[in-house]
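**Q** Attaching a single structure in structure tokens format; questions to follow.
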Amino acid sequence: MKNNLTELAKLLRYYSLTSTSKAGSGHPSSSMSAADLMAVLMFNGHFKFDIKNPEYLNNDRLIFSKGHASPLFYALWAVAGGFPADELMTLRKFGSRLEGHPTMEFPFTEVPTGSLGQGLSVGVGAALNAKMDKLSYNTFVLLGDSEMAEGSVWEAMQLAAYYKLNNLVAILDLNRLGQRGETMYGHNAESFQKKAEAFGWNTAVIDGHNIEEIESSFAKASNFAKATSDKPADNVHNPFMIIAKTLKGKGVSFMEDKDGWHGKALNQEELTLALEELGQVNKDLVGEISRPQSPEALAKGGKAIANIKFQITHYDPSKPVATRKAYGNALAKIVEAVPNAVVLDAETSNSTYAEFVKKNHPEKFIECFIAEQNMVGMALGLSRRGKIPFVSTFAAFLSRAFDQIRMSQYAKSNIKFCGSHAGVSIGEDGASQMGLEEIAMFRTLLDSVVLYPSDAVSTEKLVFEAAKHFGNVYIQTTRKETAILYPSDENFSIGGSKTLRTSANDAVTVVGAGITVHEALAAYEELKKEGINVRVIDLYSIKPIDSSALEKAAAETKAIITVEDNFAEGGIGEAVAGALAGIFNPKSLILNLAVKKMPHSGKPDELLAYEEIDKNAIIKAVKDLLK
């Protein structure tokens, strides 16, 4: 056993050195420290994977949270026979699928990584998926010691223990050196062991270059994963962390445990010396990966989601309903009809109304507590394993997880985000609780969808459309109850809008979304009494945007007034201006009413008036433009 694994680890180091030197950049030293760990994991029966079918549902999952060690990651799969080793020499070249950090272009990548501190959260989601689907696969996450300073790692640690994920193994590559010198705890493995055990994990501290110790630790982790004890206090169900003391640049004396080699490829002279020291390698070696078990086929059942006809809740047109409550109603129907839909919430489910799922389908509800970064990372792990995760919390708190949201766009993810309590209209809770930036935040994401419904009917219909759409969707809901605007048979589509009031002689167009649609309609009624006709558009789809309706309005009215209950920067006004930017000499002026002063606590109507986005502000703006 030992000799073959040692030779395989040497081959992994060889490829890590040669591919980065060929590229002229990369992270060979970070790859070399973990080579022994990964050789034992993948090539000694602990990791089970059908290499011809990377997406097979019962494959073990391997996540390199330390994504800068991509030279090792690619070398592993080349040595396993997943692709030709010659391709390793295309590392970091334009057009190569072997990019500087793993991306979905490479077929064995679980999720793109490189923004540190996120891989363990993704692993929690993948491991939880196995529990939910009663699959036997295990999830392995390689962590770097530098990223252990990230709070999201510890969010993941505590929730993994809470959910008893004994099918999750974290491998901490404790190589002591970070980008600019020694890490916070250096080689103090016992410090990490105490922390991990305090969070409820089982642990093993090992020499990460001793093949026997590595083998023993993976065998121990495997035993925990197979445990079936049902005693609540028994730690056999807890996740497992291997804390491996390693040396950065292991195998080459002038790099080994030396500062200054992070992210530095060797020049040709240095490479020659390094390879001489590494010794002869057998490039014909193939690391065999054990095959996974074949579980019984999962009985998903039901129609394809695109063909499901969801029944909308009956709403009394005379009774206002908060759109956040309609979101909860829609979720309850979706989890009934869609087997792979799951709901995650950050301890706000009684306000987001995700509690409707928690009460009726607890098996579909995942309580993530107040840890939004981990919640989004988990959602990505679930999405990559075929789930449709609906993630909800107050809109303001999603901004805390923007790095995780940003990274999800690179993973071809299919996550539905809902931010409730948007805008100053939430009232007395004050500025810290008001979602004012999230429309701008989600608009920046490539191919994202941003929806802001104005009533209960449009909310349910748009949540159903979000479920059917593949890709990331953000839905913003409001705290305040709003009037029912639409009949239950009204249709809504992503990329559409609704022109609610119009005439042949409209002077100005008022564009709103969410709460401001109701203010625009109130302004319309007052202006109409004075003989002033305005067009009112409900821009419920902010991205993609209904350019044709806006272009028509720009051509037919003297001005467009956008009204939004969030900050102006990156919001609805800029979205409308961007949509009209391609029109040559548009006849219509664009005026943006938005939150432009520091909000305070107060009644919703007081705050809308203070920020000059209520009906009176709209009336004044219309009259000023017509002077």
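**Q** For the structure I just gave you, tell me whether Leu247 is over 30 Å from Phe224 (Cα atoms), touching a residue at least 60 places away in the same chain (Cβ under 8 Å) and crowded, with 16+ Cβ neighbours inside 10 Å. I'd like the intermediate steps shown before the answer.
**A** Working: over 30 Å from Phe224 (Cα atoms): no; touching a residue at least 60 places away in the same chain (Cβ under 8 Å): yes; crowded, with 16+ Cβ neighbours inside 10 Å: yes.
Judged against the criteria, Leu247 is not a match.
Here's the yes/no breakdown for (1) over 22 Å from Ser548 (Cβ atoms); (2) out of contact with any Asp or Glu (no Cβ under 8 Å at 6 or more places or on another chain):
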position: Thr444; (1), (2): yes, yes
position: Ile475; (1), (2): yes, yes
position: Asp489; (1), (2): yes, yes
position: Phe492; (1), (2): no, no
position: Ala504; (1), (2): no, yes
position: Lys529; (1), (2): yes, yes
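**Q** I've got another one for you. With Asp86, Asp60 as the choices, which residue is among the charged types (D, E, K, R), within 19 Å of Thr139 (Cα to Cα) and either surrounded by fewer than 24 Cβ atoms within 10 Å (Cβ to Cβ) or touching a residue at least 40 places away in the same chain (Cβ under 8 Å) (or both)? Write out each step before concluding.
**A** Details: Asp86 fails: within 19 Å of Thr139 (Cα to Cα).
Going through Asp86, Asp60 in turn, just one is among the charged types (D, E, K, R), within 19 Å of Thr139 (Cα to Cα) and either surrounded by fewer than 24 Cβ atoms within 10 Å (Cβ to Cβ) or touching a residue at least 40 places away in the same chain (Cβ under 8 Å) (or both): Asp60.
**Q** Determine which single condition Tyr524 fails, assuming it passes every other condition in (1) over 30 Å from Ala411 (Cβ atoms); (2) part of a loop (DSSP other than H, G, I, E, B); (3) aromatic (Phe, Trp, Tyr).
**A** Failed condition: (2).
**Q** Now for a separate question. Looking only at residues that are more than 30 Å from the chain's Cα centre (by Cα) and not polar (S, T, N, Q) in segment 183-193, which one is farthest from Ile242 (Cα to Cα)?
**A** The extreme case among them is Gly186.
**Q** Kindly indicate the residue of segment 89-109 that is surrounded by 19 or more Cβ atoms within 10 Å (Cβ to Cβ) and hydrophobic (A, V, I, L, M, F, W, C) and also farthest from Leu142 (Cα to Cα) among those meeting that condition.
**A** My answer is Leu91.
**Q** Does Glu87 count as over 18 Å from the mean Cα position of the chain (by Cα) and either of a type in the set (Lys, Arg) or under 22 Å from Gln409 (Cβ atoms) (or both)? Explain how you work it out, then say what you get.
**A** On the way: over 18 Å from the mean Cα position of the chain (by Cα): yes; either of a type in the set (Lys, Arg) or under 22 Å from Gln409 (Cβ atoms) (or both): no.
Here the answer is no, as Glu87 does not meet what is asked.
**Q** Going by the conditions given, is Asn210 farther than 18 Å from Gly117 by Cβ and surrounded by fewer than 24 Cβ atoms within 10 Å (Cβ to Cβ)? Can you show your working first?
**A** Values: farther than 18 Å from Gly117 by Cβ: yes; surrounded by fewer than 24 Cβ atoms within 10 Å (Cβ to Cβ): yes.
Judged against the criteria, Asn210 is a match.
**Q** Look at segment 523-557 and say how many of its residues are over 12 Å from Val510 (Cβ atoms) and touching a Ser or Thr at 6+ places or on another chain (Cβ under 7 Å).
**A** Of the residues in segment 523-557, 6 are over 12 Å from Val510 (Cβ atoms) and touching a Ser or Thr at 6+ places or on another chain (Cβ under 7 Å).
**Q** Follow-up. Sort out which residues of segment 45-59 are in contact with a Phe, Trp or Tyr (Cβ under 7 Å, 6 or more places away or on another chain) and either outside any loop (DSSP other than H, G, I, E, B) or farther than 27 Å from Lys250 by Cα (or both), and write them in order of number.
**A** Asp50, Pro54, Asn58, Asn59
**Q** Which residues, counting only those in segment 261-310, are surrounded by 13 or more Cβ atoms within 10 Å (Cβ to Cβ), modelled with pLDDT under 95 and not in a loop (DSSP other than H, G, I, E, B)?
**A** Ile305
**Q** Then there is this: Being of a type outside the set (A, V, I, L, M) and within 16 Å of Glu110 (Cα to Cα) is the filter here, so list the residues in segment 368-399 that pass it. First the steps, then the outcome.
**A** Applying the first criterion (of a type outside the set (A, V, I, L, M)) to segment 368-399 yields 368-369, 372-374, 377, 381, 383-387, 389-390, 392-394, 397, 399.
If the condition is that a residue be of a type outside the set (A, V, I, L, M) and within 16 Å of Glu110 (Cα to Cα), then Gly377, Gly381, Ser383, Arg384, Arg385, Gly386, Lys387 are the ones that fit.
**Q** I'd like to verify a number: residues in segment 456-508 that are out of contact with any Phe, Trp or Tyr (no Cβ under 6 Å at 6 or more places or on another chain), touching a residue at least 40 places away in the same chain (Cβ under 8 Å) and charged (D, E, K, R), how many?
**A** 7
**Q** Return the pairs, sorted by first residue and then second, in which the second residue is at pLDDT below 55 and surrounded by fewer than 16 Cβ atoms within 10 Å (Cβ to Cβ), the first residue lies in segment 229-241 and is assigned by TED's automatic domain parsing to the domain that holds Leu168, the beta carbons are less than 8 Å apart, and the residues are 6+ apart or on different chains.
**A** Short answer, once both residue conditions are applied: Val236/Ser229; His237/Ser229.
**Q** Sticking with this structure for a sec: For the structure I just gave you, tell me whether Gly200 is modelled with pLDDT of 95 or more, surrounded by fewer than 23 Cβ atoms within 10 Å (Cβ to Cβ) and outside the structural domain of Ile370 (by TED's automatic domain parsing). Spell out how you get there, then give the answer.
**A** Numbers: modelled with pLDDT of 95 or more: yes; surrounded by fewer than 23 Cβ atoms within 10 Å (Cβ to Cβ): yes; outside the structural domain of Ile370 (by TED's automatic domain parsing): yes.
So Gly200 passes the test.
**Q** Name every residue in segment 361-373 that is part of a strand (DSSP E or B) and β-branched (Val, Ile, Thr), in order of residue number.
**A** Scanning segment 361-373 gives a single hit, Ile366.
**Q** Looking for whichever is surrounded by fewer than 24 Cβ atoms within 10 Å (Cβ to Cβ), more than 16 Å from Tyr474 (Cα to Cα), without any contact (Cβ under 8 Å) to a residue 24 or more places away in the chain and not acidic (Asp, Glu) here; the options are Asn350, Asn340. Which one fits? Write out each step before concluding.
**A** Working: Asn340 fails: without any contact (Cβ under 8 Å) to a residue 24 or more places away in the chain.
After ruling out the rest, the residue left standing is Asn350.
**Q** Which residues, counting only those in segment 601-627, are over 18 Å from Arg535 (Cα atoms) and acidic (Asp, Glu)?
**A** Within segment 601-627, Asp605, Glu606, Glu611, Glu612 qualify.
**Q** Any residue that is surrounded by fewer than 19 Cβ atoms within 10 Å (Cβ to Cβ) and under 18 Å from Ile439 (Cβ atoms) - is there at least one of those in segment 531-542?
**A** Within segment 531-542, not a single residue is surrounded by fewer than 19 Cβ atoms within 10 Å (Cβ to Cβ) and under 18 Å from Ile439 (Cβ atoms).
**Q** Here's a follow-up. Look at Arg324 and say whether it is out of contact with any His (no Cβ under 6 Å at 6 or more places or on another chain) and either closer than 25 Å to Thr113 by Cα or at pLDDT below 95 (or both). Before you say what the answer is, go through the steps one by one.
**A** Details: out of contact with any His (no Cβ under 6 Å at 6 or more places or on another chain): yes; either closer than 25 Å to Thr113 by Cα or at pLDDT below 95 (or both): no.
Criteria not met by Arg324.
The values are calculated or read from the model by the stated rules, or taken from the named source; none is laboratory data. If you're wondering where the values come from, they're calculated on a predicted model, not measured in any experiment. Note that we place each Cβ from the backbone using ideal geometry, even for glycine, and neighbour counts take in every protein chain shown.
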